[in-house]
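The values are calculated or read from the model by the stated rules, or taken from the named source; none is laboratory data. On a predicted model such as this, the values are computed, not experimentally measured, just so you know. Here the Cβ positions follow ideal geometry from the backbone for every residue, glycine too, while neighbour counts run over all protein chains shown. Note: accessible area is taken over every heavy atom of the protein model, side chains too, but ligands, DNA and RNA are not part of it. Shrake-Rupley method; radii C 1.70, N 1.55, O 1.52, S 1.80 Å.
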Amino acid sequence: MKLILSSAFPIKRFESLYKVGNPQAKCYALVGISILRPDRFQDLALTLNRDKTEVITQRGCIVSHLTIGEVVTQIGDGIYK
């Protein structure tokens with residue numbers, strides 16, 4: 001995350017990843033977008049809140065199976081910053 005945030009045009013990189021990435025990559029990109037462009041994150045979040053696609057997440061040694069909608073809510077709550 002820090003590498004992309006410190007690169008040239010980080011929002012373009014996150015937007016590109018969001019467009020072409022798998023569900024986990026999209027969620028990763030959304031974290032960056034939420035930091036750089038909270039308004040854009042809110043627009044994308046509206047379209048994903050009810051998405052039931054499964055995403056595997058890991059925090060420390062805990063692996064979870066969540067829906068994209070659940071992850072988007074957690075990103076909005078600041079859990080992944």
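For the chain, report the % of Cα-Cα distances exceeding 21 Å.
Details: 678 of 3240 pairs.
Considering the chain, 21 percent of its Cα-Cα pairs are separated by more than 21 Å.
Loop-located trypsin sites (Lys or Arg not before Pro) across segment 2-51 with a Cβ neighbour count of 13 or fewer within 10 Å are 50, with loop assigned by DSSP.
Remind me, relative contact order of segment 34-81 in percent, using alpha carbon pairs under 8 angstrom and six or more residues apart? Please report the intermediate quantities before stating the final value.
Numbers: 46 pairs, mean separation 16.0, N = 48.
33 percent.
The slack between residue 36 and residue 51, meaning 0.36 nm per residue of separation minus the straight C-alpha distance, is 3.1 nm. For the chain, the relative contact order is 24 percent, taking Cα pairs closer than 8 Å that sit 6 or more residues apart in sequence and dividing their mean separation by the residue count.
In nm, what is the difference between 0.36 nm times the number of residues separating residue 61 and residue 2 and their Cα-Cα distance?
Values: separation 59, 0.36 × 59 = 21.24 nm, distance 2.11 nm.
Going from the current span to full extension adds 19.1 nm.
Sequence-ordered 3J(HN,Hα) estimates for segment 57-74 from the Karplus curve with 6.51, -1.76 and 1.60 and θ = phi - 60° stand at 10, 9, 10, x, 9, 9, 9, 10, 10, 10, 8, 4, x, 5, 5, 4, 4, 5 Hz, glycine and proline given as x. For the chain, the solvent-accessible area works out to 65 Å² per residue, with a probe of 1.4 Å and every protein chain left in place.
The residues neighbouring residue 37, those whose beta-carbon lies less than 10 Å from its own, together hold a net charge of -2 under the Lys/Arg +1, Asp/Glu -1 convention. In this structure, the amide hydrogen of residue 67, modeled 1.01 Å from its nitrogen in the peptide plane, lies closer than 5 angstrom to those of 55, counting only residues at least 5 positions away or on a different chain.
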